[in-house]
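Any read-out appearing in this document is the output of simple, stated calculations on the displayed coordinates, not a laboratory observation. Everything quoted here is computed from the prediction, not taken from an experiment. In this analysis, Cβ positions are derived from the backbone assuming ideal geometry, glycine residues included, and neighbour counts consider all displayed protein chains.
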Amino acid sequence: AREAYLEHSLPSRATRVMTRGNTRSTLFVPPAPPYAVQGAGSIVTDQLGHRVIDCNNNYTALIHGHAVPQITEAVTGLIGRGTAFGLPTESEIGLAELLAKRTGHSTWRFSNSGTEAVMTAVRAARAFTGRDKLIRFEGSYHGTSDAVVSRTAPGIPGGVRADVIEVPQGDREAFDRAMAEHGNELAAVLIDLMPNRAGLVPADAAFVDHVRESTRRVDALMIVDEVITLRMATNGLSGAYGVEPDLITVGKIIGGGFAVGGVGGRADVLAVFDPLGTGTVGWGGTFSANPITMTAGRIAMELFDDQAVADLNDRGDALRNALTEAGVAVSGSGSLTRLREPLDLGELWWAAYERGVMLGTNGLLALSTAMSADDLEAIERACVDAVHALRGRN
Ligand code: PMP
């Protein structure tokens with residue numbers, strides 16, 4: 001079946017104008033990925049007319065699946081009145097008010113991606129503390145800016161590398177050593193409490209508390225990256241842990257299907273961006289807080305209320321239990337699951353896709369509220385069958 005995708009005209013057109021036909025590294029599956037044509041609720045249809053239940057949901061962003069009627073209707077109405085302005089709009093106040101109420105973080109600033117949200121938070125921490133160093137954890141993904149990609153990645157200047165310390169997630173000894181050595185030059189610790197790339201294993205609560213206490217002790221900030229984990233609880237995973245970060249970064253679900261990022265947190269820290277302040281940080285963003293994204297995001301978040309969050313987490317728990325009972329190794333929590341089988345990830349992706357389920361290319365399953373009970377049964381069956389089929393091959 002995958003040869004039919006490779007032989008289709010779209011991959012060959014794409015490879016002529018983009019390196020290996022690719023714009024997002026995270027979407028590439030060899031030999032070439034299918035192309036999406038349409039999304040409706042939990043279902044995506046590709047260029048060959050193959051329909052799959054979407055467990056990728058644009059890497060966890062589409063909390064309600066595709067073409068959510070309430071969002072489509074609101075956005076369609078707005079588009080005819082202008083999509084972006086050189087003036088702020090009321091819509092950004094609405095989303096900021098909603099997020100402040102939900103998370104307890106008083107002050108917000110929006111952008112167009114999680115990458116930018118993390119860049120904004122790191123800049124804020126450095127400006128606020130007057131320090132350069134950043135501690136973050138190995139294997140965690142925080143987008144693509146220089147400071148947060150692997151120190152050994154090509155294209156990262158030595159000067160940037162010198163100010164970033166990478167510590168294994170949960171390694172208290174290594175963390176304490178880094179704090180002892182760099183604590184008084186430290187701007188912030190950046191942590192994801194359930195890092196997807198690093199295996200989707202929830203952080204140890206005692207370690208998280210230790211990070212909080214240690215950063216306070218040296219007057220450094222704690223930034224929790226909630227770009228993926230905001231969906232885990234109404235007030236995000238940091239809320240569920242009961243930890244109080246100085247800043248959180250968000251994205252994905254808060255855009256209602258449109259490009260988004262955001263930073264929330266302490267008013268005194270985000271005051272580094274005060275346009276009337278002296279020596280403050282200037283930070284634009286031509287499409288940041290545009291009314292389409294802000295409105296779609298507000299509606300998506302209103303629909304994802306306490307009950308919806310709890311229901312979706314319950315469904316994820318049931319799915320993981322069923323997969324575990326069927327002998328499939330999984331990690332994750334709530335509505336996020338990862339298949340943790342020692343199989344080729346490209347093969348696993350295709351095996352699931354051919355059985356009607358779209359995963360993340362790393363074996364990630366992100367549930368959406370658009371999924372029916374039948375969808376969840378079909379997801380379970382497809383994952384079990386795909387894993388068994390590949391195991392049989394070895
Ligand atoms: N932080 C985390 C935890 C993420 O998972 C991601 C994206 N998957 C990002 C930041 C970057 O977000 P974006 O892709 O919107 O730039």
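Computed values, structure above
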{"read-out": "Max mean-square fluctuation residue, GNM over the chain, Cα-Cα springs under 10 Å, options Ala188, Ala220, Ala373", "value": "Ala373"}
{"read-out": "Relative contact order (percent, whole number), region 69-303, Cα cutoff 8 Å, 6+ residue spacing", "value": "30 percent"}
{"read-out": "Among Thr103, Ile248, Phe258 - extreme Cα towards positive end, dipole of region 69-303, charges at beta-carbon", "value": "Phe258"}
{"read-out": "Mean separation of Cα contacts under 8 Å, 6 or more apart, over the residue count of the chain: relative contact order %", "value": "22 percent"}
{"read-out": "Semi-axes of the equivalent ellipsoid for region 254-344, Cα gyration tensor, largest first, Å", "value": "39, 17, 14"}
{"read-out": "Between region 133-181 and region 241-295, the Cα center-to-center distance that results, in Å", "value": "23 Å"}
{"read-out": "Residue among Gly356, Gly159, Leu343 farthest towards the positive dipole end of the chain, charges placed on Cβ", "value": "Gly159"}
{"read-out": "The chain - charge dipole about Cα centre, Lys and Arg +1 at Cβ, Asp and Glu -1, debye rounded to 20", "value": "880 debye"}
{"read-out": "Sorted by Cβ neighbour density within 10 Å, fewest at the top, the residues Ile223, Ile156", "value": "Ile156, Ile223"}
{"read-out": "Fraction of beta bridges assigned by DSSP in region 69-303 that are antiparallel (%, nearest 5)", "value": "40 percent"}
{"read-out": "Assigned charges on the beta-carbon of Lys, Arg, Asp, Glu; region 69-303 dipole about Cα centre (debye)", "value": "320 debye"}
{"read-out": "For Lys101, Lys133, order by how many other beta-carbon atoms lie within 10 Å, fewest first", "value": "Lys101, Lys133"}
{"read-out": "Rotationally averaged projected area of region 311-355 (alpha carbon convex hull; nm²)", "value": "3.3 nm²"}
{"read-out": "Theoretical ellipticity at 222 nm over the chain - DSSP helices of four or more residues, -39500 (n - 2.57) apiece, nearest 500", "value": "-12500 deg cm²/dmol"}
{"read-out": "Trypsin sites (Lys or Arg not before Pro) restricted to DSSP loop in region 1-69 with at most 10 other C-beta within 10 Å", "value": "Arg24"}
{"read-out": "Calculated P(r) of region 69-303 - Cα pairs past 21 Å, %", "value": "55 percent"}
{"read-out": "Residue among Gly77, Gly94, Gly251 with the largest mean-square fluctuation in a Gaussian network model of the chain, springs linking Cα atoms under 10 Å", "value": "Gly77"}
{"read-out": "q = 0.24 Å⁻¹, region 116-226: log10 I(q)/I(0) [Debye, one scatterer per Cα]", "value": "-1.60"}
{"read-out": "The chain: projected area of the alpha-carbon convex hull, averaged over directions, in nm²", "value": "20.4 nm²"}
{"read-out": "Debye equation applied to the C-alpha atoms of region 26-177, log10 I(q)/I(0) at 0.09, 0.11, 0.19 Å⁻¹", "value": "-0.49, -0.73, -1.27"}
{"read-out": "Dipole magnitude of region 247-346 about its Cα centre (Cβ charges: Lys, Arg +1; Asp, Glu -1), debye to nearest 20", "value": "260 debye"}
{"read-out": "For Val260, Val218, Val387, order by how many other beta-carbon atoms lie within 10 Å, fewest first", "value": "Val218, Val387, Val260"}
{"read-out": "Between 0 and 90°, nearest 10: helix 373-393 axis offset from the chain longest Cα axis", "value": "80 degrees"}
{"read-out": "Range of Cα positions in region 209-307 per principal axis (Å), largest first", "value": "40, 37, 15"}
